[in-house]
Amino acid sequence: MDIKESMHHILAEESRAVAAIPYSDAYDRAVETIIERVHSRGGKLVTSGMGKAGQIAMNIATTFSSTGTPAVYLHPSEAQHGDLGVLQPDDVMLLISNSGKTREIVDLVSLARGLYPQIPMIVITGHPENELSSMPDMITLATGTTTEVCPLGLTPTTSTTLMTVIGDVLVVNVMRITGFTASKYALRHHGGYLGHKSRSDASKQ
């Protein structure tokens, strides 16, 4: 298999995996919870994950922030050394763990609920029948059963693509329901091409 064939194979496999992400009413509940906690009650979205899942969580937080939903990334290990103090009573947490049993994330749930027992939590995971998903009141967004395109079947590749897409589903639907506009985007994004384009689009509204 040459590079071209490999590329087409990878694109086809990841495209199939994205198209197969299962819908459930958990998506409705996740979006409603984010809107209620952040936009109605003045809280924020706090995302977390370890390793590559943590990078996805960080990206989701910055995308939410730039589109009108205040969000921060909390490193699950640093949370045990004081950073848990970033949590406030009206916040909502979005956790990412492909296995659903990442020890640092499981511990973070216990720590967060020890601080604020009623804080709502959403988890993006590849294994919905797992430790995190089985926790009380956890909103579970499953990526669906998939195989990594990594030739070893180990490196997070397809799974991280699915996590990113699910983050996009949440972001776009919160934007849609809250009526986020180009003018609001321009107030939050001043630099670069996107800043220029958002101001241009806002002037046409």
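When the criteria are applied in full, S198 meets the requirement of being touching a helix residue (DSSP H, G or I) at 6+ places or on another chain (Cβ under 6 Å), modelled with pLDDT under 95, farther than 30 Å from M1 by Cα and open to solvent by less than 20 Å² (accessible area, probe 1.4 Å).
For the stretch 149-170, indicate whether the set of residues that are modelled with pLDDT of 90 or more, outside any helix (DSSP H, G or I) and charged (D, E, K, R) is non-empty. Within the stretch 149-170 (the criterion being modelled with pLDDT of 90 or more, outside any helix (DSSP H, G or I) and charged (D, E, K, R)), the answer is no, since none of the residues qualifies. Residues in the stretch 119-147 that are open to solvent by 10 Å² or more (accessible area, probe 1.4 Å), assigned to a loop (DSSP other than H, G, I, E, B) and at pLDDT 95 or above: 1 in all. For the stretch 33-75, a tally of residues being farther than 18 Å from V109 by Cα, in contact (Cβ under 8 Å) with a residue 40 or more places away in the chain and of a type in the set (V, I, T) returns 7.
The values are calculated or read from the model by the stated rules, or taken from the named source; none is laboratory data. If you're wondering where the values come from, they're calculated on a predicted model, not measured in any experiment. Positions of Cβ are generated from backbone atoms using ideal geometry, with glycine treated the same way; all protein chains shown enter the neighbour counts. Quick note on the areas: whole protein, heavy atoms, side chains included, nothing else; ligands and nucleic acids left out. Shrake-Rupley method; radii C 1.70, N 1.55, O 1.52, S 1.80 Å.
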